[in-house]
1. Check 132, 142 and return the single one that is farther than 25 Å from residue 24 by Cβ and either part of a loop (DSSP other than H, G, I, E, B) or polar (S, T, N, Q) (or both).
2. Can you pull out every residue in the stretch 165-189 that is part of a loop (DSSP other than H, G, I, E, B) and surrounded by 15 or more Cβ atoms within 10 Å (Cβ to Cβ)?
3. Outside the structural domain of residue 492 (by TED's automatic domain parsing), within 22 Å of the chain's Cα centre (by Cα), closer than 14 Å to residue 346 by Cα and of a type in the set (Gly, Ala, Ser): does that describe residue 237?
4. Can you tell me how many residues in the stretch 125-145 are over 23 Å from residue 109 (Cα atoms) and either loosely packed, with under 13 Cβ neighbours inside 10 Å or of a type in the set (Ser, Thr, Tyr) (or both)?
5. In the stretch 419-474, which residues are touching a helix residue (DSSP H, G or I) at 6+ places or on another chain (Cβ under 6 Å) and in a strand (DSSP E or B)?
Amino acid sequence: MASSVPHEPRWEPDTPPAEIALWRWAVGQLGPEVRVLPQVAMTVGGGGRTEEAEADLVILDPEHGVTVVEVKGGTVSYDATQAQWRRREAGAAVIRDPVQQAKRVRSKLRDALGAAGVPIERVALRWAVAVPECRLDAPGEPVLGDAQLWDALAADRLAARYRRTCGPLEYGEQPLGEDLTARIADVLRGRSRTGRPSLAAVLGEHEEQVRIHTESHRNVLHHFAAHPHVLVRGAAGTGKTVLALEAAVQYASLGQRVLLVCWNVVLGRWLRDALRGRLAEIGSPVAAQVTHDPRGRVVVAHVAALAESVVGAYPADGIDRGNWFYEQLPEVLTPAVTGGEFDVVVLDEAQDLSELWVLTVASLVARGGRWYAFADGQQDLFDADASLPDFLEVEHELRENFRNSPAIASFAAAFGQVELDCVTGDGPPVRYVAVPGDRVVGRAGEIARKLRRDERLNDRDLAVLWLFHNPSKGAPDELARVALGDGLIATNSASFKGMERPAVVLGLDLDEQREIDADDVRRAIYAASTRARSMLVVLGDPDQVARFGFDELAAALRAARDGWPEGRS
């Protein structure tokens with residue numbers, strides 16, 4: 001049996017079954033000296049002319065050399081009259097030429113190894129095309145010979161097919177040997193011969209712990225549910241949104257009329273979908289009644305939208321938007337608009353609401369009804385400064401961090417009070433990247449692409465956040481759609497408040513033209529960094545960071561290697 005590097009690949013959800021099948025054949029049938037590397041991504045070149053390539057399978061053989069395999073799933077055929085490859089399951093649609101793909105990847109692999117200083121002059125580099133899900137007669141040379149084709153018949157005879165593909169070493173070629181095999185595995189996988197968990201695997205393990213502890217955290221609700229008016233305080237990561245959602249679930253499932261609101265557009269959309277999903281999960285028919293209609297029975301929305309549903313989404317020309325949102329809209333939202341008061345009102349991210357908005361929300365609570373507000377004053381990015389304790393009789397404080405890894409919590413603690421009692425286990429260290437101030441915005445996106453390519457992270461796992469730069473400004477609904485789907489998030493700290501992703505790339509955009517003070521920057525870094533559950537990458541200009549007095553952060557950025565660092569905690 002061959003060894004796989006990594007030992008247990010973390011397959012993407014959209015990985016073709018054919019690739020997984022071929023990997024299993026190779027591991028199961030090739031000799032113990034052979035190493036099998038699935039889904040090998042490579043970047044070759046520099047100076048703005050880089051090229052990317054991915055090998056479906058790379059086989060390293062100390063007794064021979066390197067074999068690159070291009071895998072095609074389904075029933076594949078070659079149309080000799082048109083010199084085209086087709087797949088029957090796609091309506092005989094033309095597919096990319098697997099022969100050219102295999103040859104290109106082999107060439108890029110040669111370049112990548114050469115750039116890494118691997119002596120490849122005498123390395124045997126072979127290629128093959130695999131179609132594990134169909135029987136195919138090879139078109140023959142010069143297109144594809146029998147020796148380079150692995151079809152369904154190879155399911156139990158791959159070792160023989162592999163030996164035929166390798167053939168004898170040609171003039172000047174030499175066996176790889178154990179040491180060179182290990183070195184090539186290190187270059188292509190960035191790990192030792194025995195293998196270490198990929199970043200995606202590390203994140204996966206931490207994410208599973210987050211899920212487990214988040215589910216158990218719902219039980220905290222009983223500590224304060226006996227009181228009708230409660231202010232729940234907690235630093236980022238202590239599970240406030242989880243409890244807000246669970247409070248809405250419990251009372252909605254009991255037939256109460258429930259209002260679940262917040263200030264953030266994206267969070268409001270997420271809460272609505274999450275509440276509907278949780279109610280469906282427990283089999284409650286109330287799931288079908290979850291709506292953003294203010295007159296509904298179970299209403300979930302960002303609070304301004306409830307008033308805007310009556311008077312329109314935008315102020316008239318010439319009206320100050322700040323005055324519109326903070327002074328005029330609160331007066332619109334009354335029990336007459338909502339069709340009466342609510343038995344239970346749940347307010348998440350309560351620190352975002354101004355005093356006038358808090359009064360408005362209070363007016364929607366029925367006499368004898370319940371009101372739960374969840375807040376973290378350190379995330380008051382809008383200077384709302386509402387006196388929440390004046391409206392809520394009991395305060396409950398959350399003291400355990402259910403979201404962030406210890407490394408992320410430790411980083412954020414330099415910018416605000418963060419619970420360092422992290423119950424979800426370790427994650428990877430925080431990574432730092434030092435870049436010039438005018439490159440922070442663009443470089444953040446580049447790093448996200450590198451994480452996707454090299455670390456096998458999905459778009460749905462990533463958020464690119466800046467402190468102030470906001471490419472989604474003016475399009476909050478589109479940002480909400482992306483956040484609720486599988487898209488890559490790219491926005492600023494304030495717009496993503498209340499939300500979270502497994503990995504966050506945080507750009508410290510602190511150019512000298514911005515009129516901001518250190519406290520604003522501190523709150524924005526705190527809010528953005530705590531959106532990361534498992535991994536955080538921080539990039540910025542050390543000199544700009546130092547001007548705001550964040551000396552430790554500046555030192556960490558300066559200590560980072562030029563380019564892509566290994567990271568430090």
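The values are calculated or read from the model by the stated rules, or taken from the named source; none is laboratory data. No experiment lies behind these values; they were computed from the predicted model shown. When we count neighbours, we look across all protein chains shown, and the Cβ atoms used for this are built from the backbone with ideal geometry, even at glycine.
1. Numbers: 132 fails: farther than 25 Å from residue 24 by Cβ.
Residue meeting the stated conditions: 142.
2. Within the stretch 165-189, the first condition is being part of a loop (DSSP other than H, G, I, E, B), and the residues that meet it are 167-176.
Result: 173, 175, 176.
3. no
4. Summing the residues that are over 23 Å from residue 109 (Cα atoms) and either loosely packed, with under 13 Cβ neighbours inside 10 Å or of a type in the set (Ser, Thr, Tyr) (or both) in the stretch 125-145 gives 4.
5. 422, 432, 434, 462, 464, 465
Residues checked against (1) surrounded by fewer than 13 Cβ atoms within 10 Å (Cβ to Cβ); (2) closer than 22 Å to residue 150 by Cβ; (3) touching a strand residue (DSSP E or B) at 6+ places or on another chain (Cβ under 9 Å):
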position: 30; (1), (2), (3): no, yes, yes
position: 59; (1), (2), (3): no, yes, yes
position: 62; (1), (2), (3): no, yes, yes
position: 83; (1), (2), (3): yes, yes, no
position: 104; (1), (2), (3): no, yes, yes
position: 119; (1), (2), (3): yes, no, no
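Results for (1) of a type in the set (Asp, Glu); (2) assigned to a strand (DSSP E or B); (3) surrounded by 17 or more Cβ atoms within 10 Å (Cβ to Cβ), shown as yes or no for each residue.
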site: 13; (1), (2), (3): no, no, no
site: 33; (1), (2), (3): yes, no, no
site: 36; (1), (2), (3): no, yes, yes
site: 43; (1), (2), (3): no, yes, no
site: 55; (1), (2), (3): no, yes, yes
site: 67; (1), (2), (3): no, yes, yes
site: 73; (1), (2), (3): no, no, yes
site: 108; (1), (2), (3): no, no, yes
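Quick grid of which residues meet (1) modelled with pLDDT of 90 or more; (2) surrounded by fewer than 17 Cβ atoms within 10 Å (Cβ to Cβ):
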site: 419; (1), (2): no, no
site: 434; (1), (2): yes, no
site: 453; (1), (2): no, yes
site: 459; (1), (2): no, yes
site: 483; (1), (2): no, no
site: 498; (1), (2): no, no
site: 505; (1), (2): yes, no
